[in-house]
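Colleague: Got a structure for you, written out below as structure tokens; questions coming shortly.
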Amino acid sequence: MTPPPKDPQPRISENDRDTAVRRLQEAYAEGHISHEEMDAHLQRVLTAETPGDIESALGSLPAEDPGSTSTITVATGRIRRSGAWRLPRHLKVHSALGRVSLDLSQAVFEHPVLDIELQLGTGGARITVPRDAVVDLEGLSSVWKDTLYKAGRGARPGGGPTIRITGTMGMGRLKIRHARR
């Protein structure tokens, strides 16, 4: 009698691979690994076939700092933040009906990466980012209108904060612009 076949290790998803790549980029941006180490780890992550392969590629990195999370929620009305305000690692902005205006140009970034989760019903949003910020909109879906954004001239990876915007826009438009100074 032959033994039952072992359960094959599950394959990794592209989302798992993307998460591992982001973690490596953050470790590099924070100075935990050198450029050469990042290249070697990236090669291992991009060729990984199982979750164990990814875990071994990330094993030498320091534990991930989850950072703080702040939530701003209104049912109706306006959300407005500007000036020198401290930004958490994760910022959740939820508005059923109303406008959102976030000016990050003078804000204090406590982490090199800021994740903003937008959950907006009806009403637009405007976000002003620092001149050298890199904006990632891949995780944002818009039901009605496209996002208006043109990458700034000073925006380059490693030059300023990375701002990842995810979530869902309902019946409004998101406008993103870089600060002039």
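Colleague: Specify the residue that is modelled with the highest pLDDT; the eligible residues are those in region 48-69 that are within 21 Å of residue 114 (Cα to Cα) and loosely packed, with under 13 Cβ neighbours inside 10 Å.
Modeller: This residue is 69.
Colleague: Please work out which residue is farthest from residue 91 (Cα to Cα), limiting yourself to region 147-167 and to residues that are of a type outside the set (Lys, Arg), open to solvent by less than 50 Å² (accessible area, probe 1.4 Å) and not in a loop (DSSP other than H, G, I, E, B).
Modeller: The extreme case among them is 162.
Colleague: Continuing with this model, one more query. Could you tell me whether any residue of region 18-30 is farther than 29 Å from residue 129 by Cα and modelled with pLDDT under 90?
Modeller: No - not one qualifying residue is present in region 18-30.
Colleague: I want to confirm something. Restricting to region 129-146 and keeping residues that are assigned to a strand (DSSP E or B) and not acidic (Asp, Glu), which single residue is farthest from residue 174 (Cα to Cα)?
Modeller: Out of the qualifying residues, it is 134.
Colleague: For region 79-128, how many residues are of a type outside the set (Phe, Trp, Tyr) and assigned to a strand (DSSP E or B)?
Modeller: 32
Colleague: Among the candidates 12, 72, 33, which residue alone is open to solvent by less than 90 Å² (accessible area, probe 1.4 Å) and over 22 Å from residue 161 (Cα atoms)?
Modeller: After applying the criteria, what remains is 12.
Colleague: Filter region 88-106 down to residues that are out of contact with any Leu (no Cβ under 7 Å at 6 or more places or on another chain), over 28 Å from residue 23 (Cβ atoms) and of a type in the set (A, V, I, L, M) and give me whichever is least open to solvent (accessible area, probe 1.4 Å).
Modeller: 96
Colleague: Could you run through region 107-146 and say how many residues are among the charged types (D, E, K, R) and open to solvent by less than 60 Å² (accessible area, probe 1.4 Å)?
Modeller: Total meeting the criteria: 4.
The values are calculated or read from the model by the stated rules, or taken from the named source; none is laboratory data. These numbers come from a predicted model, not from an experiment. Cβ coordinates were reconstructed from backbone atoms using ideal geometry, including for glycine residues, and neighbour counts include every protein chain displayed. Areas reflect the complete protein model, heavy atoms only, side chains present, ligands, DNA and RNA absent. Shrake-Rupley method; radii C 1.70, N 1.55, O 1.52, S 1.80 Å.
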